[in-house]
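The values are calculated or read from the model by the stated rules, or taken from the named source; none is laboratory data. Predicted model only: the values in this text are computed from it and were never measured. Neighbour counts are summed over all protein chains in view; Cβ atoms, including those assigned to glycine, are modelled from backbone coordinates with ideal geometry. Heavy atoms of the whole protein, side chains included, go into the accessibility calculation; ligands, DNA and RNA do not. Shrake-Rupley method; radii C 1.70, N 1.55, O 1.52, S 1.80 Å.
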Amino acid sequence: MCYCVQAGNVAAAEAASQSAAAAASGAELATLSLLRVVDLVEALWEHMPQVLGDVGALADHLADEGAGELRGRLGNANLAALLAGAVYRSVHPPAAAAGRKGRSRTARDAAAAAAAGGVDAQAQQEVTVALAQKLPALLTQFQAEPGVAAPLLAIPSFMRLEQFLLSKQEEGYRALLQQADGLLQRHSHLPLVNESAAVLVHASKHGPAALQEIGG
């Protein structure tokens, strides 16, 4: 336990140091790509599914300002990418994972996911409910940090947008799209611009019909 805490403190200090150096030089943060993070999450999932599968807890940890100061800008950006990777892995489980020990999904669930293009509908619904309020709040918190906001904006395309309506979270849906539109207008950071535009396009195509005026 002490070793884990010490290692975490060293990692946080190193991330803070790298963040400070990047800020001083004006350089863009060298964050992990989402593709690399997805591969990392997949490699670790079998060993720590309760941690990586609890996207609500990961979001809460990212929102913790005290822990965020220790992580620094780079640490926050990488944690945001980890959250996005965990969401992707939750919603797109490999078929072979259904039979692994400790998973509640059955082979029938895996078959249904495969039929739906590899999307686990139950997990997608759970992820959307968990992040319906937290994701817009995180985007508000990190709206001045494009390196953090960009991976967060990759998440809505993995969510079940109609769940906002079913869960009576219309305000969360509105806040999410307003943040995406605002970030698109205010930033020139290319990954952030691309992700913001992708959220708006995805909402216009796959958002609930009753809320299309919000996304339009």
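Contact map, segment 202-216: first residue under 13 Å from Gln169 (Cβ atoms), second residue exposed (fewer than 14 other Cβ atoms within 10 Å of the Cβ) and modelled with pLDDT of 70 or more, Cβ cut-off under 9 Å, separation 6 or more or different chains; pairs are Pro208/Leu166. Within segment 138-158, the set of residues being open to solvent by 50 Å² or more (accessible area, probe 1.4 Å) and touching a helix residue (DSSP H, G or I) at 6+ places or on another chain (Cβ under 8 Å) comprises Thr140, Gln141, Gln143, Glu145, Ser157.
Report yes if Leu135 is at pLDDT 95 or above, crowded, with 20+ Cβ neighbours inside 10 Å, within 17 Å of Val41 (Cβ to Cβ) and not polar (S, T, N, Q), otherwise no.
Working: at pLDDT 95 or above: yes; crowded, with 20+ Cβ neighbours inside 10 Å: yes; within 17 Å of Val41 (Cβ to Cβ): no; not polar (S, T, N, Q): yes.
Considered against the rule, which asks whether it is at pLDDT 95 or above, crowded, with 20+ Cβ neighbours inside 10 Å, within 17 Å of Val41 (Cβ to Cβ) and not polar (S, T, N, Q), Leu135 comes out as no.
For segment 160-186, a residue qualifies if it is outside any helix (DSSP H, G or I) and either modelled with pLDDT under 90 or open to solvent by 90 Å² or more (accessible area, probe 1.4 Å) (or both), and the qualifying residues are Ser167, Lys168, Gln169.
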